[in-house]
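First comes the structure, then the notes that go with it.
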Amino acid sequence: MEIYFDTDYKRIEYNAAHHILIATWKVAPTSNEFRTGMMAMVDAMAHFKTGRVVYDVIYLGALLEEDQVWTATEWRTLAVAVGHSKVAFILPEDIFTSMSMEDMMEKADKEVSFAYFGRMEDAIRWVIIPQQRNGTGASAFRNTTDK
């Protein structure tokens, strides 16, 4: 794996074997850190020319409402423009972070397929499957058998 971005709060890696990005939140970021980390994700998607991403949000914590709205509107527009297309979230057992992520995805337009998982292996397996659109927009899937 090639490390693209690495700070105290977030790491972005490129997995060349599967042509995907893996973003790991190491700690709960400040609002500024969150937005900086998310903008680094846009840059990474453009750099590696892939919109398939696994987000490990186990340590992300609950997001501020304004950061959820920013991500679902401004950031999403930039991300989709560089190819953001399929996302797997690795959620913690912490109900607050899970609810925060699910709430944010509900705010977003349905241009990106997404699913929730409890393990990295399952998330990668899902995100590398070629996407098949049926004209109804993005799909949401929660894998509950892997916890």
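A few notes on this one:
- Cβ-defined net charge surrounding Arg11, 12 Å radius [Lys, Arg +1; Asp, Glu -1]: -3
- Taking other C-beta atoms within 10 angstrom as a stand-in for reagent exposure, Met45, Met120, Met38, Met1 fall in the order Met1, Met120, Met38, Met45, fewest first.
- Annotation: the residues Arg119, Arg35, sorted from fewest to most other C-beta atoms within 10 Å of their own C-beta, follow the order Arg119, Arg35.
- By other beta-carbon atoms within 10 Å, ranking Asp8, Asp43 with the fewest at the front produces Asp8, Asp43.
Throughout, read-outs are computed from the coordinates displayed, never taken from laboratory work. Because the structure is a prediction, the values reported are computed rather than measured. No Cβ is skipped: glycine too gets one built from the backbone with ideal geometry, and neighbour counts run over all protein chains shown.
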